[in-house]
């Protein structure tokens, strides 16, 4: 009996020692993953450690941060961070608890927690907490007037269990291209697979199962789609490998087949950082996001026009109505050539990047003050990259929602409020004498009630003009060298009489 007891004690000691060693190894692995930004694997370990040691402040704190730093369900971050704060583990713990409250729309708690953190005067986030307080106050305003919109998950033909994001569609929704970090190659330091470009086409009214783009646009490193032309004949790509970072590439598309990506020249890519681009329907104007020395702070949006030589001119900053001291990104010029959608951390964002729009006024040569597209299209998380259809009744975005398959998924958003709908007019200007298409013309459309003007020019390649108008009565004027045009009246109906699109030919008479 005595001998048996001795063996039993030794066994218990060895078993306990193994448990301690296993926990120590897990702890070291978790810290290593966390250090290098692999929050996925770090959370897997920290969440297990919390079960073993529920009152360990560090484990709770790190588990909460891991959830907060990933694009999936962040609701669980609150309980971990509340525990960490109660254990007074770190001076910055209250700040991140405020971030968790904010992320989960617990706005009153977020504001109170941020203010408490600010009053304490401790921690490394004192210089940025005012911005977070501003986000919360903006959210309190915009969430009181939610948009009437519906989110539709595009399903397994498009989305995967991995991050799917940066979706661009053609005006008629027949072709989509997007970025995904689904299983391919070896995982990177952050626990995800490299990003690659995928696409899908509509057949019989529905998107077919997505396919990965060819090696001409995808590499073994990170490739992301950051812009698509109106006719889906040009793709803009952000490419990131060991030697190249912060530059934009372009690739032609012929019959939905991708050609080899080519780095854009120094008129676009600088010694700074360029991340995304969009091009006008006529291919003559390019907008791109860049962080460079003449900017207003972070990344700004710039515009450049094509010279007669085919090269891009010296780019111009769009100014303070669009750009802020914070980051702007993902400009996407609408088909009317005057409405610019983009993402910004500034203006009246409700948290991180929000979707905004600004409208070009040719008369004043200015962009209008940025307008927040509203909640819940914008959330307290980052909202980056939005792509609208022709009539603006639908848009494509990526985000995490409760029905997401893993991380961000791609969603089709429907704007249910009829006042947001605009009729698309596919127009052409023809000569009365020869019936030839006139490409050099300037169209002025004036709202008879508000006197607001919208201006359009034909596509320099085919003469097509895409006009978008909301409900109302309008006067159409056309100016073209050597021709005359008698002003026309047009009525755009709304409500049950709304027409999503129509065709129109304008006839001009030689002088």
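The values are calculated or read from the model by the stated rules, or taken from the named source; none is laboratory data. Small disclaimer: the values here were computed from a predicted structure and weren't measured. Heads up, the Cβs are rebuilt from the backbone with ideal geometry, glycines too, and the neighbour counts pull from every protein chain shown.
Things worth noting here:
- Qualifying residue in region 441-459 (condition: surrounded by fewer than 16 Cβ atoms within 10 Å (Cβ to Cβ) and over 23 Å from residue 361 (Cβ atoms)): no
- Here 272, 246, 295 are screened, and the one residue that is touching a residue at least 24 places away in the same chain (Cβ under 8 Å) and at positive phi is 246.
- Scanning region 483-511 for residues that are surrounded by 11 or more Cβ atoms within 10 Å (Cβ to Cβ) and over 16 Å from residue 428 (Cβ atoms) turns up 484, 491, 492, 493, 494, 498, 499, 500, 510.
- Verdict on residue 294 being in a loop (DSSP other than H, G, I, E, B) and surrounded by fewer than 18 Cβ atoms within 10 Å (Cβ to Cβ): yes
- Filtered by the rule that a residue be over 23 Å from the mean Cα position of the chain (by Cα), closer than 16 Å to residue 233 by Cβ and part of a loop (DSSP other than H, G, I, E, B), region 257-277 gives 259, 260.
- Every condition in (1) closer than 26 Å to residue 380 by Cβ; (2) surrounded by fewer than 17 Cβ atoms within 10 Å (Cβ to Cβ); (3) at pLDDT 95 or above holds for residue 73 except the one numbered (3).
- Count of region 297-317 residues, restricted to those that are part of a loop (DSSP other than H, G, I, E, B) and over 19 Å from the mean Cα position of the chain (by Cα), is 9.
The rows are residues; the columns are (1) surrounded by 20 or more Cβ atoms within 10 Å (Cβ to Cβ); (2) under 20 Å from the mean Cα position of the chain (by Cα); (3) at pLDDT 95 or above.
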| position | (1), (2), (3) |
| --- | --- |
| 281 | yes, no, no |
| 343 | yes, yes, yes |
| 346 | yes, yes, yes |
| 359 | no, yes, no |
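- Members of region 52-70 found to be within 32 Å of the chain's Cα centre (by Cα) and not in a helix (DSSP H, G or I), listed by number: 69, 70
- Qualifying positions in region 465-488 - over 16 Å from residue 452 (Cβ atoms), under 40 Å from the mean Cα position of the chain (by Cα) and assigned to a strand (DSSP E or B): 465, 466, 478, 479, 488
- Residue list for region 141-182, filter: farther than 14 Å from residue 200 by Cα and surrounded by fewer than 14 Cβ atoms within 10 Å (Cβ to Cβ): 141, 144, 145, 146, 148, 150, 152, 161
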